[in-house]
Structures are given as C-alpha cells and as structure tokens.
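Report on one structure; see the data block that follows.
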Amino acid sequence: MDPSGQRPPLRPPLSIRRRLLAALLALLALAGGLAAALGYLAARAEIDTLLDEELRQVALSVRELARLDTERIERSAQRPEQRLQVQIDDARSGRQYRSRDLAALPPAAAEGFRDLVLAGATWRVYALRHDVQTVQVAQPLALRRERALQATLRIVAPLALLVPVTALLLWWIVGRALAPLASLGAQLQARRPDAIAPLPLAGVPAEARALVEALNDLLQRLAAAFEQQRRLTADAAHALRTPLTAVTLQAQLAQRAADAEQRAAALERLLAGVRRASHLTAQLLALARLAPEAAQAPAEPLDLAALAADVLEELRPIATDRAIALEADLPPAAPYVGRGEALRLALTNALDNALRYTPCGGRVRLRLVPVDGGWCLEVGDNGPGLAAAERERAFERFYRSPQASSTGSGLGLAIVREVAQLHGGSASLHDGLEGRGLALRWLLRS
C-alpha cells in the first residue's frame, strides 16, 4: 500500500501473444537489417571489383592507341554511368592531357590502384606506364557507393513491402498456436465454483500439459478433502445426535426429580452422558486433524520407542486405577521418519481402546519389533475379544460390537487404520494374550 492507504493499481497482465509477436518482429527487423547491411557490403565489393577492372581496361585501351584520340577518350569519360577522368602525362614532351576540367591527378609513384582525395571527393585511381607516358584513370568512389546502395535497395525494397504481410501472418500463426491456452482459460472461467472434475487432456499442447496435469492433481486432492469434510460432517451429525438427545432427557429428568436422591442419580447419569459426548467430540476432532491437508505435514525423524514409552506413561494411571498390568516390550531405540502427532494420536487410541475393554485385573501389552522396511506395533490384551467375523468391521467408523460397553465411540480403530495408511502401512486384528482377548497389529513402512 502507498502512504495514503490505497492499494497501488495492479499491473496489466502480460500477454504472451504480444511478447511473442514483439520478439518475432524485432528478430525479423534485425535479420532484415543485417541482411541489408551484408547485401550492401557484398554489392559494394562486387561493384568495386567490376569498376576496378573497368579502370584497368580503359587504361590499357588508352595505352594501345597509336595516336591519342582525345575526342574519343573525352566522350568515354563524360558518360554518366562512368564519370571517368583520364590523365596522360608525357615525360618526354612535358605535355599533359586531362579528359575533364578537374584538378590534375598527382604523379603515380607506381603502377596499380590507389585512393586519393581530389576536388573535395575521394577517387579511385589506376595508373599504368607505357614508355615515357603514364596513363591514370580515376573514378569517384561516391559513384560506387551510389550504385551499391541502388543494388541493395532493389533487393531490400520487396522485403520491406513484405513486412506488413509477414506481421499479419505472424499474428495469425501465434494466435493459432495459443488457441489451446485461450480455450483452457475459457473452460476454467466457465466452471462453477463447485466443479472439481479433472480437465480433459485431449488437445492440450505439450507445453501446457504439465500445467493441466498439476491442476488435475490439485482438483483431485480438493475432491478428496471435500469428501473427507462431507463424511466428517455427516458422521458428526449422526454420532452426536444420540448422546445429545440423551443428555437433554437426563437434564429434564434431573429437573423433575422429586427428592435430592433422585436428583443426584439423574445428575450422575447426566455427567456420564456429557463425558461420552466430550469423548466423542475429541475423537471427531482427531479425525478432522487427519484430513488430507493435515496429512501433508512433513515427516520428521523420530524415535518410535521413546514415543511409545511416553504414551504408556500417560495412560499408566488409568491402568493402575483399574488394576490392569500395563506391560511393554520396546527396543532401546526405534528410528523412524513419520508424523509424530498422528502416530501419538493413533497409539493413544489403540492403548485406550485396549484398557477400556480389558476387565479389572487383566493385562495389556505393547510390543514394538522391526520388520522389513519398517516397524510393527502390537497392542494385545486378555479381555473378552471380538469374533473373527467382526474384526474387519471394527475398523469402520462408529461400528461398535453388540457386546461392547456403552462408553466407546466406535472411532478409535478407524483412527488407527487411517494413521497406518498415512504411513504406507496397514492395521489388522488378531487373537490376544494367552489365546484370549484381542491384538491390534499395525505396520509402519519407511
């Protein structure tokens, strides 16, 4: 924001078409200019060669004349296309002939070509000696430059006329090339806010395919997140309806109690109902934390043995209160790379579930053993157990066995399986300690 508190105006979006056309036209102009320059240099070199040869031929022709035909030489020198100056110096007689009324050419030190300045202009001169005579033929270099420029213009002029046509063709070609991107943008703009179906890949150019695939991956994760939230909302509404109704009825009974004893009993039942609702709410919140967004939290190095020991110490007072022997079989260290909070939540649910269904005086044991590519956690008890036919259904949300107590929520094992799958593992139920009870075994892969 600027000092006045207003947002600065947004920059207009960059146009790929305009940038591409500007680059192509600039490249075309550069190539045309370079071609013109090279063409001019080539034409000048060719003309220089040709006219140098013409100067030499004129000098040879003059030398071969038995008698100087000055009129013929003068007529040749005055031709507009040549504009030559012919000068003959006779060392014996001291006479000098010049075909044009210009300053005399300085004596030539040797035969051959040279450049000199004469009458304010640069001339190309060829000198040739014959007995006592020296023939010099000169031509202005401006004439050569003019002819080279004319030759270059004859080549470049058609190209200049083609530039507008080329620009229009480039505009059309670039537009056709970018049409799939424009179509993709139109598809995205036309979508409803709740449309999360993947974009079709048919007809998408290779340059935009990675972008569309990334968008489809994002849409797929959004769909999974929306489905997770929908299921969580539906599960919460279904799970909280019964305990809240019970709490309401128990509160009404407490209001209508005739004496203090009945009121105390009603309040006790009300408190138990509140505890069940609170436990269920905590489990639902735990499931919410395992949503796809939370599952993307980065994995970190940790010690599974230390984490398991911490959870055991947290739940030991519950086991002591019910006279349950809480045993542990843990290695000195268990290095692992995972999501510590999710693992702690799952292990707490697994042990709490075992303590909840193990009768007073029973046993609960936590074992941690290495397996190929990971670790195996096992929580076993010697409680009433669960029939083999019900063990797979026990991982479903809100499933509770008909023989189960009324204190559970039916979410503990579902949380354990989700955490196991989050870490590339699995969770399953087996026979418990001493051939009785139940053992929850879950694998954590690296």
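Can you tell me which residue within region 367-390, out of those that are touching a Lys or Arg at 6+ places or on another chain (Cβ under 8 Å) and small (Gly, Ala, Ser), is surrounded by the most Cβ atoms within 10 Å (Cβ to Cβ)?
380
Looking at 312, 355, 302, can you tell me which residue is over 46 Å from the mean Cα position of the chain (by Cα), farther than 16 Å from residue 442 by Cα and buried (at least 16 other Cβ atoms within 10 Å of the Cβ)?
Being over 46 Å from the mean Cα position of the chain (by Cα), farther than 16 Å from residue 442 by Cα and buried (at least 16 other Cβ atoms within 10 Å of the Cβ) holds for just one of 312, 355, 302, which is 355.
Among the residues of region 420-441, which ones are in contact with a Ser or Thr (Cβ under 7 Å, 6 or more places away or on another chain) and assigned to a strand (DSSP E or B)?
441
Here's the yes/no breakdown for (1) among the acidic types (Asp, Glu); (2) over 20 Å from the mean Cα position of the chain (by Cα):
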residue	(1), (2)
145	no, yes
148	no, yes
151	no, yes
160	no, yes
171	no, yes
191	no, yes
208	no, no
213	yes, no
216	no, no
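Quick one: what pairs do we get from region 353-370, first residue without any contact (Cβ under 8 Å) to a residue 60 or more places away in the chain and more than 20 Å from residue 330 (Cβ to Cβ), second charged (D, E, K, R) and part of a loop (DSSP other than H, G, I, E, B), C-beta under 7 Å, 6+ apart or different chains?
Pairs that qualify, where the first residue is without any contact (Cβ under 8 Å) to a residue 60 or more places away in the chain and more than 20 Å from residue 330 (Cβ to Cβ) and the partner is charged (D, E, K, R) and part of a loop (DSSP other than H, G, I, E, B), are 360/322.
Would you mention how many residues in region 315-329 are in contact (Cβ under 8 Å) with a residue 12 or more places away in the chain and surrounded by fewer than 18 Cβ atoms within 10 Å (Cβ to Cβ)?
7
Checking residue 230 against (1) at pLDDT 75 or above; (2) open to solvent by 40 Å² or more (accessible area, probe 1.4 Å): exactly one of these is not met. Which one?
With (1) at pLDDT 75 or above; (2) open to solvent by 40 Å² or more (accessible area, probe 1.4 Å) applied to residue 230, the lone miss is (1).
If we scan region 67-83, do we find a residue that is buried (at least 18 other Cβ atoms within 10 Å of the Cβ), at pLDDT below 85 and acidic (Asp, Glu)?
No.
What residue, of 162, 128, is surrounded by 12 or more Cβ atoms within 10 Å (Cβ to Cβ) and over 30 Å from residue 34 (Cβ atoms)?
128
Do any residues in region 12-33 that are part of a helix (DSSP H, G or I) have Cβ atoms under 6 Å from those of residues that are modelled with pLDDT under 75 and open to solvent by 60 Å² or more (accessible area, probe 1.4 Å), where the two are at least six apart or on different chains, and which pairs are they?
32/159
Check 330, 355, 326, 351 and return the single one that is in contact with a Ser or Thr (Cβ under 9 Å, 6 or more places away or on another chain) and under 16 Å from residue 378 (Cβ atoms).
Exactly one residue qualifies, and that residue is 326.
The values are calculated or read from the model by the stated rules, or taken from the named source; none is laboratory data. Given the structure is predicted, the values throughout are model-derived calculations rather than measurements. Every residue, glycine among them, receives a Cβ derived from its backbone with ideal geometry; neighbour counts consider all protein chains shown. The protein model used for the area step is the full one, side chains on, heavy atoms only, and it has no ligands, DNA or RNA in it. Shrake-Rupley method; radii C 1.70, N 1.55, O 1.52, S 1.80 Å.
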